[in-house]
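All remarks here apply to the structure that follows.
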Amino acid sequence: MIEIDHVSQIFRTSGRQAHLALSDISLTIEDGAFVSILGPSGCGKSTLLYIVGGFVSPTEGVARVKGRAITGPGPDRGPVFQEFALFPWKTVLGNVMYGPRQQGVKAAEADAQSRRLIEMVGLKGFENFYPKELSGGMKQRVALARTLAYHPAVLLMDEPFGALDAHTRTRLQNDLLNIWERDRKTVLFVTHSVDEAVFLSDKVVVMTRAPGRIKQIVDIELPRPRRRAELLLDPRYQKYVVEIERMIDDTSEDGLRP
Amino acid sequence: MMARVLSRLAPLLACLGLLAIWQAGSLMLNTESFPTAIEAVRAVPSILGDRESVINILDSLRRMAIAFAAALLFAIPLGLMMGRSRLVASFFNPLLMITYPVPKAALMPIIMLWLGVGDLAKMLVIFLGVSLPVIYHSFQGAKAVEEKMLWSGAAMGLSAPQRMIRIVLPAALPEILTGCRTGLVLALITMVTSEMIARQSGAGNILFNALDMGQYDTVYAMIIIIGAMGIGLDAAFEKLRSRLVRWSEPGFDIPLSFA
């Protein structure tokens, strides 16, 4: 379980201006839940994810994982970034093996596990390619496999499909759901796409424009496993999308008021 | 096929072209202090056949190799730390800015007062000459390392020193090696100039002794030898570099069309 307890984040910008990125956020994420954080750009949703990752420490408040305050990054929380952040000097296999090897898994075992994971994300045959030789979608598949390889209990996904074209994005969403439905890790998924959030999540946390506050939490009660083609025709799905889009429109207008 | 043969031969043709211009220029000027290319090239074997000269040249190379290696061991870690720590950078950056434009050979007389005219003084000058570009490029390389790559490493359990050696160093390697290549050329230049000032032994010493004695063919032959050493070292280094950073080479990056 992840608890975010009255967390605020203030950034000092140049010229000594203080920018309030997150304002008094409290949120609880149950184990095994797929939770999306949705909001307009600049609402601090990625910052919230970085706080859970331990990459950024909150100015006020505390975030806990399994009851313990987060003080830094750890292999129990695996990030997947929009920028992929692969190690370019390592091959696909080298990247995926990196985490397990760091955790002390024997080379032969890490090799076998990593090859299985690479196959699972659909990249069999590309084990010896370097990241530079891969397309964006393939890179993100490698990044996902690299993070899954060290078995984090929580996946932290920071707009992972934001840099991809629509077609690739859809394919990766489907594959992510398939993978997730197998082992039901806790997923915290940051996005600005309403469709994506509704399609993937159990819960969508809608945030307001800066300073980021939680506007509303929407439980998505759609059956699983979800099939995209069925869902798009499902009136319940459409209702969620419209409902959440309206919320976002409201928050945008809030932001525009002086 | 023809184009490939031609591009293979291009460096050779360039050298021959340069020698031809030299030959023509020297015939036109017709002064004793500017021997023709043919005369200079003819003097090369007599230098390389002379035991004393070969020992001198090898001595130069030995000093250069030691100073170059020491400079890398000092400059790469310093540059990487500057790139990752604002404190370290703000301390060393001004020092770097002051020392960068100073011609290192200009320090030679002062260094000779401290360390004498022997190996140590010359190696220190080469060390300084090599260090600065290597620090600078390591600094730039480390600064450009993507934060999220380091975060990914931290999540896998890499400690700060481990991230430095296992993420910052390889990620910055292409940039570091660019600095090393500049450093290598500077090492050769400072090697010769150091021997020009502290005349005792070495390739530079042969050159300037010959100049004093008016043996101009030897002077120019030495220039050819030093130039050839430069080309050889650079080519060898380039071979090593392209092997080490094959993963970052351009022309390598034709992405596959696959989701």
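Quick one: longest stretch of chain A between exposed loop GluC sites (Glu not before Pro), exposed meaning at most 11 other C-beta atoms within 10 Å and loop per DSSP?
Value returned for the longest uninterrupted segment is A:31-220.
With Rg and the Kirkwood Rh both taken from Cα atoms, where does Rg over Rh land for chain B?
Radius of gyration over Kirkwood radius for chain B works out to 1.06.
Can you give the FRET efficiency for A:Gln103 and B:Phe237, using 1/(1 + (r/R0)^6), R0 = 45 Å, r = Cβ-Cβ distance, to the nearest 0.05?
Working from the Cβ atoms, E equals 0.75.
How about B:Lys122: which lysines have a C-alpha closer than 22 Å to its C-alpha, ignoring those fewer than 8 places off in the same chain?
Cα-Cα hits under 22 Å: B:Lys104.
Rounded, prolate or oblate, given the Cα gyration tensor of segment B:54-117, with a/c below 1.5 counting as rounded?
oblate
To the nearest whole number, what is the average tally of beta carbon atoms from other chains within 10 Å of the beta carbons of peptide B:153-163?
That average works out to 5.
In peptide A:79-90, what is the residue-averaged number of other protein chain Cβ atoms found within 10 Å of each Cβ?
5
Given the C-alpha centroids of segment B:1-49 and segment B:189-225, what is the distance between them in whole angstrom?
20 Å
Could you give log10 I(q)/I(0) at q = 0.13 Å⁻¹ for the protein assembly as shown, computed by the Debye formula over C-alpha point scatterers of equal weight, without solvent?
-1.22
Can you figure out the FRET efficiency of A:Arg115 with B:Gln215, using R₀ = 56 Å and their beta-carbon distance, to the nearest 0.05?
0.25
Hull surface divided by four, with the convex hull built on the Cα atoms of segment B:110-183: how many nm²?
6.1 nm²
Note the direction-averaged projected area, equal to a quarter of the hull surface, for the Cα convex hull of segment B:59-165, in nm².
7.9 nm²
For segment A:115-182 and segment A:193-220, what is the centre-to-centre distance using only Cα atoms, to the nearest Å?
Between the Cα centres of segment A:115-182 and segment A:193-220 lies a distance of 23 Å.
Along Cα→Cβ, 7 Å out, is where each label goes; now give me the distance between the ones at A:Glu245 and B:Thr31 in nm to one decimal.
In this crude spin-label approximation the distance works out to 8.4 nm.
Let me have the 222 nm mean residue ellipticity of chain A computed from DSSP H runs of 4+ only, each contributing -39500 (n - 2.57), with the sum over all residues rounded to the nearest 500.
-12000 deg cm²/dmol
Take B:Leu58, project a point 7 Å from its Cα along the Cβ direction, then tell me which residues of segment B:187-209 have their backbone nitrogen under 12 Å from it.
Answer for segment B:187-209: none.
Go ahead and estimate [θ] at 222 nm for chain B from helices alone: -39,500 (n - 2.57) per DSSP H run with n ≥ 4, summed, over the residue count, rounded to 500.
After summing the helix terms and dividing by residue count, I get -26500 deg cm²/dmol.
Bin width 10 Å, origin at 0, all Cα-Cα pairs of chain A: what percent of pairs per bin?
7, 29, 34, 22, 7, 0, 0
Roughly how many Å is it from the Cα centre of segment B:145-159 to that of segment B:69-98, as a whole number?
22 Å
Output the DSSP H helices from chain B with an along-axis C-alpha extent of no less than 24 Å and a mean Kyte-Doolittle hydropathy no less than 0.5.
In chain B, the long hydrophobic H runs are B:2-29, B:51-84, B:119-143, B:169-197, B:216-244.
So which of A:Lys45/A:Lys185; A:Lys45/A:Lys106; B:Lys148/B:Lys239; A:Lys185/B:Lys143; A:Lys45/A:Lys90; A:Lys124/A:Lys185 end up more than 27 Å apart, counting from Cα to Cα?
A:Lys45/A:Lys106; B:Lys148/B:Lys239; A:Lys185/B:Lys143; A:Lys45/A:Lys90
Each reported figure results from applying straightforward, stated rules to the coordinates on display, with no laboratory input. What you see is a predicted model; the values in this text were computed from it and never measured. We place every Cβ from the backbone using ideal geometry, glycine too, and count neighbours over all the protein chains shown.
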